[in-house]
Structure formats: structure tokens, C-alpha cells
1. So, of the residues in segment 140-155 that are hydrophobic (A, V, I, L, M, F, W, C) and farther than 19 Å from residue 72 by Cα, which turns out to be modelled with the highest pLDDT?
2. Here's a check for you: in segment 52-66, which residue that is closer than 24 Å to residue 19 by Cβ and part of a loop (DSSP other than H, G, I, E, B) is modelled with the highest pLDDT?
3. Just give me the residues in segment 213-269 being small (Gly, Ala, Ser) and either more than 21 Å from the chain's Cα centre (by Cα) or on the phi > 0 side of the Ramachandran plot (or both), in sequence order.
4. Which ones in segment 214-269 are outside any helix (DSSP H, G or I) and of a type in the set (D, E, K, R)?
5. For segment 227-238, does any single residue satisfy the condition of being surrounded by fewer than 15 Cβ atoms within 10 Å (Cβ to Cβ), out of contact with any strand residue (DSSP E or B) (no Cβ under 7 Å at 6 or more places or on another chain) and either of a type in the set (Asp, Glu) or under 25 Å from residue 182 (Cβ atoms) (or both)?
6. Just to verify a result, which residue in segment 15-39, among those that are in a helix (DSSP H, G or I) and open to solvent by less than 50 Å² (accessible area, probe 1.4 Å), is nearest to residue 145 (Cα to Cα)?
Amino acid sequence: MTIGQQLKKFRLLLGLSQADMAAGIVTASFYSKVERDQSEIVIDKLVEILNTHNISLYDFFEAFDKENLPNLNLEKKVYSYFDNRDLGKLIALKKEVKDRDILIYLKLKLIIADLEGRVHEMPQNSQEELRKICLEEDTNAQKDFWDIAISTPLYNFAELKGLITYIFNNQNQYDLTNDQLLISLMNLLIRYLDRCYKENHFAEAEEVGKFVNAMPSNFSIIFHKLVVKYYLALFNNDSELANEIIGLINQSGFQHYAKTLPQIKGEKI
């Protein structure tokens, strides 16, 4: 059961059109995407829709299976620890998750293998399964980019470049005011930049830099923008700026994150 499915069910019970259901609160086109689980609606807009049409909050949320909540919380932990590149917490969570949720377990295995530089040791069938799952949804219907960011080691550079180019060319269809989408997109771009650096794709890295500079000033991605600047400093052989950024990252308490970044030539982070 999803929010979109529940909204559609109650709308049909009330005999309303999508435009009627959304009137004065969100656009009909956005509401249509919510019903089709292609966009996420913020909680205050959802509550406003429910209150406008006298739909009880209890009745609306009663259908959601409470047994799914632990897995949702686990996924949030996975994404949060991945966002912080906290290898210790990821390893501890992997031990906790084993035998509880195979997909989350596989994601954790991939993240840990990637951070430890041993993705090649993962069984090929596990890689293929994750590759299929993480790109299962059409990018056009993407609610966030966490799974694609996690799975970047499973794709060759041409595939990643095609995906990033698609996002750049269709950026208007994404809600860049949504913090989760924004943070997950920055994680994807940072993982892509890492591949650009390791495989010497300077022009592609410059395109990422331009895109990130044009992104909205949002407190939630200040740190991520700093990491992007670090990669660009490496590309430009600006060791002074790169060292300054690493110093800021370490002073902010993200020493574990700094250890996952490429080293400045001839130096140890």
C-alpha cells in the first residue's frame, strides 16, 4: 500500500476527479504523479487534501501495514550512513540486517565493498540483481536517487554518463526543493565525479561543476557542494584549495568521509 494508492481509493469513493481532489492545494498534474507513485507529496499538503475532503487521518493511514515500518527505518539508516560515508555504522548495520531483508542486506554489502575498494569481489549474480533492482524504475519517475547512487560501481562509465546527461537535460521534472531528492542527487553526482576523476574524464567533471553551481542554495547540501569543489580542485591540480577543503571536512567531524576521498597526489589524507 502506498500514499498514492490510498489517495486514489478515497478519491474514487468520493466520486471526485483528480483536479477536484487537488484543487487549490497542488496542481492536478503533480497530484496525478502522486497517485501513480511517481512523486512524493509533503505531509502538510497531504493533510490539507485529507482535511479539505473530510477524510479521517486515522482511516487513511490505518491501511498501512505496520510491519513495513521497521524496514523503512532500516532503509533510512542505510541512506543516512551512506550519505556520511560512515563505514563503521554500515558494517554494524549489515550484521543487524542479515536474514531480515535480503535487498537491504545486498545494498549494504555493495556500499561497504565500494568504500573498501573491493566491489570486484562481490559475486556476479549479486551485482546483476542489484543492478536490475536499482534501475528498475524509469528515471522519469524517480522519487530520489539513493539506489542509483549506491549502485554506481555496477555500471560502466558510458552508462553513467548517459544517466547523468539525461538528468541534466530533464532537470525541470525533478522537485529540487525536496531535501531527500536533492541530497540523494548530490550523492549520485559525487559518486559520478569519483569515477570521472579515477578514469580521467575532465570535461564531464566540469559539466557536473556547472550543474551544481546552478543548483538552489540549500542548507542540506552545503557539505556536498564542498565535496564537489574538492574533486574539481583535484582536477585543476589546485592542491592548496584541496588541502583547505579537506581541513574543513576534518574540522567538521567527518574524518571518515575524508578517508573515502581520493588523495591529493603525493599526500595522505
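The values are calculated or read from the model by the stated rules, or taken from the named source; none is laboratory data. What you are looking at is a predicted structure, and each value in this text was computed from that prediction instead of being measured. Positions of Cβ are backbone-derived with ideal geometry, glycine not excepted, and every protein chain shown enters the neighbour counts. Heavy atoms of the whole protein, side chains included, go into the accessibility calculation; ligands, DNA and RNA do not. Shrake-Rupley method; radii C 1.70, N 1.55, O 1.52, S 1.80 Å.
1. Filtering segment 140-155 for residues hydrophobic (A, V, I, L, M, F, W, C) gives 141, 145-146, 148-150, 154.
Now restrict to residues that are farther than 19 Å from residue 72 by Cα: 141, 154.
Working: 141: 54, 154: 91.
For segment 140-155, the residue satisfying everything is 154.
2. So in segment 52-66, the residues closer than 24 Å to residue 19 by Cβ come out as 52-57, 59-60.
The next check asks that each one be part of a loop (DSSP other than H, G, I, E, B); those that pass are 53-56.
Values: 53: 93, 54: 90, 55: 89, 56: 82.
In this case the residue turns out to be 53.
3. First, the residues of segment 213-269 that are small (Gly, Ala, Ser): 214, 217, 220, 233, 239, 242, 247, 252-253, 258, 266.
Across segment 213-269, the qualifying residues are 233, 239, 242, 247, 252, 253, 266.
4. Initial filter on segment 214-269 (outside any helix (DSSP H, G or I)): 214-218, 236-238, 252-254, 259-269.
Residues satisfying the conditions are 238, 259, 265, 267, 268.
5. If we filter segment 227-238 for residues that are surrounded by fewer than 15 Cβ atoms within 10 Å (Cβ to Cβ), which is where we start, we get 236-237.
Remaining after also requiring out of contact with any strand residue (DSSP E or B) (no Cβ under 7 Å at 6 or more places or on another chain): 236-237.
Then drop every residue that is not either of a type in the set (Asp, Glu) or under 25 Å from residue 182 (Cβ atoms) (or both), which leaves none.
No, that holds for no residue.
6. Checking each candidate, the answer is 34.
For (1) open to solvent by 40 Å² or more (accessible area, probe 1.4 Å); (2) at pLDDT 95 or above; (3) of a type outside the set (Asp, Glu); (4) not in a loop (DSSP other than H, G, I, E, B), each residue gets a yes or a no:
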| position | (1), (2), (3), (4) |
| --- | --- |
| 163 | no, no, yes, yes |
| 166 | yes, no, yes, yes |
| 176 | no, no, yes, no |
| 188 | no, yes, yes, yes |
| 203 | yes, yes, yes, yes |
| 210 | yes, yes, yes, yes |
